[in-house]
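Asks: Here's a structure for you.
The values are calculated or read from the model by the stated rules, or taken from the named source; none is laboratory data. Because the structure is a prediction, the values reported are computed rather than measured. Positions of Cβ are generated from backbone atoms using ideal geometry, with glycine treated the same way; all protein chains shown enter the neighbour counts. Accessible surface areas use protein heavy atoms only, side chains included; no ligands, DNA or RNA. Shrake-Rupley method; radii C 1.70, N 1.55, O 1.52, S 1.80 Å.
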Amino acid sequence: MLLRRCFLFPFPVVRLVRRSLHHKHDHIVLHPEIRQALQLQKPVVALESTIITHGMPMPENVVTALAVEEQVRQNGAIPATIGILDGRIKVGLTREELTSLAEKPRDQVIKCSRRDLPFVVSRRQSGGTTVAATMIIAHRVGIRVFATGGIGGVHRDGHESLDVSADLTELGRTPVAVVCSGVKSILDIPRTLEFLETQGVCVASFDSPGGVFPDFYTRDSGCTVPYNLKSAQEAAELLRSWRELKMESGLVIGVPIPTEFAADKFKIEEAIKEATAQARAQGISGKEVTPFLLAAIAKITEGRSLKSNIALIKNNAKVAAQIAASLCDLSTKLESPVQKAIDRKPLVVGASILDLSFKVDDQKRDMKLDGATYSAVAKQAAGGVGRNIAEGIYKLYGDVNLISAVGNDQMGQTLLQMMPKALKRGLIVADNHNTSLCSLIFDKFGDCKLILGNMEIHQSITAETLQAHYQLFREAPLIIMDSNISEQAMASILQQAQINKIPVFFEPTDMFIAGKPFKLLPELTKNIRLIKPNLQELKTITEAITGETVKWNPDTKQPQAELVQQAKSLIKKIDSHFNCIIATLSDHGVLLSYRGDAENDARLLLDVSKPTPPHSTRFYPAPMVHNIVNVSGAGDSFCAGFITALLRGRSLDECIAGGFVAAERALQSESAVPATYFSNQESFESRYKHTARIIQQQSI
C-alpha cells in the first residue's frame, strides 16, 4: 500500500515554461516587531522619514521623530517609521537606524518619491520617504493607516509650471489612509482639493465642524470638504467601509493643528510669500522647493513655524494611532463566529516522517523495478504531510501548533533537529515505536516511481494524548488533519472540533486512506468543512460518502475540459457535505468548489454553524514554474499558503494564489518545505496578490 502520494501538487516535474512567478531579491525589510504586529493584525501606524532627512534640522528631526513614535505607542498602536538605508527599505527603523539616517549629510540622502525608489535601491543609497513613497511601502506590507505632517499638492504657480506633487496621484491609486494637517500652507489648497476630487480620493476633516479643512500651520484653509469625522470611532467605521468596498484609492483625513500651536494666518502668509520669493531668487526648483520653503519660513518666523510643525505632526500621530486602534477594536467587536481571532494558532494533527529520497542519475539506463542497482543521489529531509503543512503555516502565517509523533531513537533525533522549535510543543516522543521513515525513489526525470514507508508510530497519537492537549483545540481557529493518523485519533479530533465549534481542513494524503473518516466515522464529519483531494482521492471520498461505486478511473492524460467535467460530476455528489473542495487536477490546475455565499467573503468557508448553501465551481489553470528540483512537498506548501491567506481574511482568488505561490517556492527547494519561503511577510502577501490578479483572469 502506498502511504503517501507521489505527486502532492498539480505541477509536473518537466514541462514547457509559459510564465515564471519567480521574483528577484527582496528589498523591503520589516522590523520583527512590525512583522509580528501585522501577522497578529495589531494596529500599526506608518510614519514617513523625510521629516528626518529633509523636513527639520538636527537635532529637532531626531527628537521629533522619536516623540512621534512615542505618541503612537501611547495611543494604542505600533509605530513603523519607513526609511531607506544603503538600498534596503526598512519598515520600522530602530533608534540607531533613525539616528544614522538623520546624521547623514543632506547631499548623501535622497528625498524619495515613487520615481526615486528603484534608483536609490539599485545604487544602494539612503533616502527619506515622502508621502507617496511611504504610502507605496505601507500598502505593500499591509499597513492601512499613515500619519504625516501635511501632504504635498498643487504649487501656487502650478497652473503655469504644472508642478504638482506625486503625493496626489499616489493618493489616487494606493489604498492607504493618510492622517495629516491638510495640505501644506505653501501650496494652492483649492486646486489641490480639486485635483484630489478628480483622482477619486475621499477627503474628510477631523473634529472640525462644517468640514473646515486645515492648512498645516493654521486650522482654517478657507476651504471646506464634504465630510467631517467627529471621532476616531467614526474614522474607523469609514476605513472599514472603505476597505470592504475594496477602494483602490487612498483616503485623506485632515486634522487641525491644536489651537494653542496654530500660527497667525496673516503672519504665516507673509512669511510664505517672502520664502517663495527667496526660492525663486535662488533658483530652487523641483523636489527641493518644499524643504527649502519650510526651512526659510522657520527662519523668518524665528522658529515659531517649526514649533507648530512639531506640534501638528505629534497630534496627527496621536489621532492616527487612535483611528488604527479603533479600527482594530471594531474588527474584534464585529467578529462573527466565522471571523476567528487572528492571534489564535491553527492546529495541525498528522504525520512526521524522516524522508530519504533517491534520484537516479544514471543517464544511460531508464529505471525499472527489476532488482538491478542504479546510481542515485540520496538526500535526507524532514517530511510527513501534517508536519510539512505545519512548518509551512509556521513560516507563512507566523505560528502554529502541531501534534505528531516521533520515536525515541536516532532517526527521531535527526528529525527533531530539522524541525523549528515551535513545532515541538505538542510532539509525542514514543519509546515503543520507531520514527516513521519514508523512502522515495525518483527516476532521472524527477518522477516519483516508488514510495516505501512505515507509519506505525502514528498509532501513538491516541485519544488520551489528544485530550491532554485540549487547550490547543480550544484556541485554534482551524484544525488541519491528515489521514495518516488512526481512526480513534480522528474520532477524538472531530469530537473536539464539534465541542469547540471549530472547522476542520482534511488533507486526504493518499487514495487508499482518503475515505477513512467518511466511511468509518460518518456521524462525526460535520465539522470537516474543507478538503484538498487529488482526483483519485476525490473518487475514494465520493465512494465513501455516497456508498456508490464510481466507475470512472481518473486519467490526467485526458483532455482538460473532459477531466474538469468529470471532476465536477464527482464533486456535485458530495459538495453539500463541505464548504470547500480543492480538487487538484495534476498538471492541469485546481478545481475549486465552494459555498456560493463565500464569493464575497472567503471566511465563510470556515463556518460550522449554518447549512451549506449551493456550491459554485471555478477552475484555475496551474501556473508554470522554472527550475523545479523537488515535488515531494509542494502540495503541502499549497495547503499552507491557502490556509494562511484564508485565516487572514483574503479573497478566494488570493487564497488559491497563496497556495500557488507557496507551492512554487517548494518546487524550487531541495527540501519538502523551503528553509525560507520569502524574506518577510510583505513578499508573500504582495506576490499572492499579484498572482491573484493573473489567475482571476484565467479562471473558468
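Asks: Of these, Q471, Q495, Q467, which one is over 16 Å from I574 (Cα atoms) and without any contact (Cβ under 8 Å) to a residue 12 or more places away in the chain?
Replies: On inspection, the qualifying residue turns out to be Q471.
Asks: Within region 652-700, track down each residue that is modelled with pLDDT of 85 or more and among the acidic types (D, E).
Replies: The answer is D653, E654, E664.
Asks: Suppose the filter is in the same structural domain as N316 (by the TED database) and either free of Cβ contacts under 8 Å to residues at least 40 places away in the same chain or among the acidic types (D, E) (or both); does K184 pass it?
Replies: For K184, the condition - in the same structural domain as N316 (by the TED database) and either free of Cβ contacts under 8 Å to residues at least 40 places away in the same chain or among the acidic types (D, E) (or both) - is not met.
Asks: Is one or more of the residues making up region 245-258 under 18 Å from T174 (Cβ atoms) and of a type in the set (D, E)?
Replies: Among the residues of region 245-258, at least one is under 18 Å from T174 (Cβ atoms) and of a type in the set (D, E), which makes the answer yes.
Asks: Quick one: count up the residues across region 221-245 that are open to solvent by 80 Å² or more (accessible area, probe 1.4 Å), free of Cβ contacts under 8 Å to residues at least 60 places away in the same chain and charged (D, E, K, R).
Replies: Count: 2.
Asks: Restricting attention to region 161-175, which residues are more than 20 Å from K111 (Cα to Cα) and either open to solvent by less than 40 Å² (accessible area, probe 1.4 Å) or in contact with a Phe, Trp or Tyr (Cβ under 9 Å, 6 or more places away or on another chain) (or both)?
Replies: Once the filter is applied, which keeps residues that are more than 20 Å from K111 (Cα to Cα) and either open to solvent by less than 40 Å² (accessible area, probe 1.4 Å) or in contact with a Phe, Trp or Tyr (Cβ under 9 Å, 6 or more places away or on another chain) (or both), region 161-175 yields G172, P175.
Asks: Scan region 237-259 for residues that are modelled with pLDDT of 90 or more and touching a strand residue (DSSP E or B) at 6+ places or on another chain (Cβ under 8 Å) and jot them down.
Replies: Scanning region 237-259 gives L238, L239, W242, S249, G250, L251, V252, I253, G254, V255, P256, I257.
Asks: Could you identify the single residue in R115, R73, R18, R124 that is modelled with pLDDT of 90 or more, in a loop (DSSP other than H, G, I, E, B) and not hydrophobic (A, V, I, L, M, F, W, C)?
Replies: R124
Asks: Among the residues of region 679-700, is any of a type in the set (A, V, I, L, M), surrounded by fewer than 21 Cβ atoms within 10 Å (Cβ to Cβ) and not assigned by the TED database to the domain that holds S357?
Replies: Within region 679-700, one or more residues are of a type in the set (A, V, I, L, M), surrounded by fewer than 21 Cβ atoms within 10 Å (Cβ to Cβ) and not assigned by the TED database to the domain that holds S357.
Asks: Quick check on my filter: what residues within region 188-201 are within 29 Å of V44 (Cβ to Cβ), open to solvent by 10 Å² or more (accessible area, probe 1.4 Å) and either touching a Gly at 6+ places or on another chain (Cβ under 8 Å) or modelled with pLDDT under 90 (or both)?
Replies: Answer for region 188-201, where residues must be within 29 Å of V44 (Cβ to Cβ), open to solvent by 10 Å² or more (accessible area, probe 1.4 Å) and either touching a Gly at 6+ places or on another chain (Cβ under 8 Å) or modelled with pLDDT under 90 (or both): F195, Q199, G200, V201.
Asks: In region 260-281, is there at least one residue being over 22 Å from V131 (Cα atoms), at pLDDT 90 or above and either open to solvent by 60 Å² or more (accessible area, probe 1.4 Å) or acidic (D, E) (or both)?
Replies: So far as region 260-281 goes, yes, one or more of its residues are over 22 Å from V131 (Cα atoms), at pLDDT 90 or above and either open to solvent by 60 Å² or more (accessible area, probe 1.4 Å) or acidic (D, E) (or both).
Asks: Show me the strands (runs of 3 or more DSSP E) found entirely inside region 508-621 where at least 1 residues are surrounded by fewer than 21 Cβ atoms within 10 Å (Cβ to Cβ) and in contact (Cβ under 8 Å) with a residue 40 or more places away in the chain.
Replies: 615-621
Asks: What's the number of the only condition in (1) under 30 Å from R650 (Cα atoms); (2) outside the structural domain of S439 (by the TED database); (3) hydrophobic (A, V, I, L, M, F, W, C) that V385 fails to meet?
Replies: (2)
Asks: Picking from G158, G210, which residue would you name as being open to solvent by 50 Å² or more (accessible area, probe 1.4 Å), farther than 16 Å from I257 by Cβ and at pLDDT below 90?
Replies: After applying the criteria, what remains is G210.
Asks: Can you tell me which residue among T435, T462 is crowded, with 16+ Cβ neighbours inside 10 Å and in contact with an Asp or Glu (Cβ under 6 Å, 6 or more places away or on another chain)?
Replies: T435
Asks: Oh, and also: If you take the residues of region 45-61 that are aliphatic (A, V, I, L, M) and part of a helix (DSSP H, G or I), which of them is surrounded by the fewest Cβ atoms within 10 Å (Cβ to Cβ)?
Replies: Selected residue: I51.
Asks: Can I ask one more? Need a quick list: strands (runs of 3 or more DSSP E) entirely within region 374-460 having at least 2 residues that are modelled with pLDDT under 90.
Replies: 376-383, 426-430, 437-442, 448-453
Asks: Inside region 247-273, can you point out the residues that are within 24 Å of V178 (Cα to Cα) and among the hydrophobic types (A, V, I, L, M, F, W, C)?
Replies: Answer for region 247-273, where residues must be within 24 Å of V178 (Cα to Cα) and among the hydrophobic types (A, V, I, L, M, F, W, C): M247, L251, V252, I253, V255, I257, F261, A262, A263.
Asks: How many residues, within region 111-151, are surrounded by fewer than 20 Cβ atoms within 10 Å (Cβ to Cβ) and aliphatic (A, V, I, L, M)?
Replies: 1
Asks: Would you mind finding the one in L416, L402 that is within 25 Å of S492 (Cβ to Cβ), buried (at least 24 other Cβ atoms within 10 Å of the Cβ) and without any contact (Cβ under 8 Å) to a residue 60 or more places away in the chain?
Replies: Of the residues listed, the single one that is within 25 Å of S492 (Cβ to Cβ), buried (at least 24 other Cβ atoms within 10 Å of the Cβ) and without any contact (Cβ under 8 Å) to a residue 60 or more places away in the chain is L402.
Asks: While we're looking at this one, here's another question. Which numbered condition in (1) under 29 Å from A324 (Cα atoms); (2) out of contact with any helix residue (DSSP H, G or I) (no Cβ under 8 Å at 6 or more places or on another chain) is the only one that L117 fails?
Replies: (2)
Asks: Filtering region 82-101 down to residues that are part of a strand (DSSP E or B) and farther than 19 Å from M58 by Cα, which residue is most open to solvent (accessible area, probe 1.4 Å)?
Replies: R88
Asks: Which members of region 405-428 meet the condition of being under 14 Å from S460 (Cα atoms) and in contact with a helix residue (DSSP H, G or I) (Cβ under 7 Å, 6 or more places away or on another chain)?
Replies: Answer for region 405-428, where residues must be under 14 Å from S460 (Cα atoms) and in contact with a helix residue (DSSP H, G or I) (Cβ under 7 Å, 6 or more places away or on another chain): A405, V406, G407, G426, I428.
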